[in-house]
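A.B. asks: Quick one: the structure is below, and I'll ask about it shortly.
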Amino acid sequence: MLYKVLMLICDQKHYFNNTIFRGVDVADGAMRLCAINLYLHGIAGDDSLIETNDSLIVDRNERFDLVLTNPPFGGKSNITYQQEDFWAKTSNKQLNFLQHVKTLLKTNGKAAVVVADNVLFERGAGETIRKKLLQECDLHTLLRLPTGIFYDAQGVKANVLFFDRKPDSQNPWTKKLWIYDFRTNQHFTLKTNPFQLEDLQDFIQCFNPENRHDRQETERFRAFTYEELTQRDKVSLDIFWLNNDSLEKTNKLQTQDVSSAETTNKSEPETLNSTVPVIQLLDILKPLNRMLNPEEEVDKCINQIRQKLKESLKKVTDASDSGTKGSTLEDFTQELFGCFYYLEFYKKNFKNATGEIDVIFMVNKVTGTLFAEFSNLLIVECKNWNKPVGAKEIRIFSDKMDDCGSNIGLIISKNGITGDIDYTKDARGVIGKAWSKSKRVIIVFDLDDLESVIYRNCKLYKILKEKYLSVQLGSDF
């Protein structure tokens, strides 16, 4: 009897060490780190359980009960992947990994996937994939993660999608998507306020893993039906409903209504604590490097997404009807100025007492960066017109800034603005008066400025800084 028990234990250990876990990563360093981490936890098979490869290249016909992964964040790939059961062809890595995870799952298999915000609202292939995910899987939970919890990307906006793969059906499998907003008014840092397991206890209680079909709504936890989700623009899952305290300080902006909310590498093992001293040192140096070299940080981001920016700018110049002209320029603006790590996108098409604000960024006041001495909000007006913007439009925009308590604004105008620095009549004059009377900075970018950054590799940060100083000095801007 003892012999049989020992044999059973040996069989289970062999299965545990050789069969139950599998991992693939395209980076040698990440593969070695993961393999060592497994070994330190007593998981070591006859061969390495982790291999170096591009997991998107081919379907190996391996299926799993559970997939947990943090796919690589970043720009587009140079490879177009041809897996037969992908819902859409795209060069977006994150969208491809999301499709790949669905492929890896057995029927009724479960997945938890970390994704960046753009997966929730990107148009085209992104919209197709979100529709298919809602239809063919049970996408039951979305956790909106706070910033400041990643070692190598503290400002990244990420989420966790929880879904189960389901058998073929004529009816959509997703009945309700429960969203937990763990981002609004949550502030974590690696040093002074590190993210801890206990911070997730409320989410775990709301998730109710014992019976996730028995859930209750709370202030941070809300359910949205399949019909509500599919009726949203581009089937966007980028949904918030809580007041943001940093915006409340302006005493101007109101609570956003969720019904009109707009779009706005393999996971590192949890036991990276052995490398924490090195990571903490890098964490100390990274903000210092950003402060000393903000231009370098912006250029690095633009280089990573340059092809995407070129495609977005082409949509701007090709747009023919008024609706498309406005939306394409707003999308491009969000992508381009999102490269400033201290600007956090808040909302598009926000309506207040003086009209509609095209794009709003929240300004994290980082010492040594542009806008650090200004307000918490950067207001952006997008004008994809066939004529320059005139003095009247600048005055209206200045009133919008005042209504939001902002004293820094951008005008992105395809054909620039009117004027020859006449401080009484034209648009330039209105901008000059706004600075001299109210210390309000309005910066103008035209199509040539945008093309010089995207196609001629001019430095965005340098151009913006020059325009910023020109307004303050009263020179040609």
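A.B. asks: Going down the table (Lys300/Lys383; Lys351/Lys383; Lys310/Lys392), which pairs top 22 Å between alpha carbons?
C.D. replies: Beyond 22 Å: Lys300/Lys383; Lys310/Lys392.
A.B. asks: Using θ = phi - 60° and the Karplus relation 6.51 cos²θ - 1.76 cosθ + 1.60, list the HN-Hα couplings for the stretch 177-184 in order, rounded to whole Hz, with x at every Gly or Pro.
C.D. replies: Rounded to whole hertz, the list is 10, 8, 10, 10, 8, 9, 9, 4.
A.B. asks: Does the stretch 130-195 classify as rounded, prolate or oblate by the C-alpha gyration tensor (a ≥ b ≥ c root eigenvalues; a/c under 1.5 gives rounded; else a/b over b/c gives prolate, otherwise oblate)?
C.D. replies: Taking the square roots of the gyration eigenvalues as a ≥ b ≥ c, the stretch 130-195 is prolate.
A.B. asks: Ignoring ligands and nucleic acids, what accessible area does Cys339 show with a 1.4 Å probe (Å², nearest 10)?
C.D. replies: Its heavy atoms expose roughly 10 Å² to the probe.
A.B. asks: For a Förster distance of 60 Å, can you work out the FRET efficiency between the beta-carbons of His187 and Asp47, rounded to the nearest 0.05?
C.D. replies: Given R0 = 60 Å and the Cβ-Cβ separation, E is 0.85.
A.B. asks: Of the listed pairs Lys439/Lys462; Lys315/Lys462; Lys234/Lys308; Lys175/Lys315; Lys176/Lys315; Lys325/Lys467, which have alpha-carbon separations greater than 27 Å here?
C.D. replies: Lys175/Lys315; Lys176/Lys315
The values are calculated or read from the model by the stated rules, or taken from the named source; none is laboratory data. Treat the numbers as computed from the prediction; the structure is a model and nothing was measured. Methodologically, a virtual Cβ is constructed for each residue, glycine included, from the backbone with ideal geometry; neighbour enumeration extends over all protein chains shown. The area values use the complete protein model at the heavy-atom level, side chains included, leaving out ligands, DNA and RNA. Shrake-Rupley method; radii C 1.70, N 1.55, O 1.52, S 1.80 Å.
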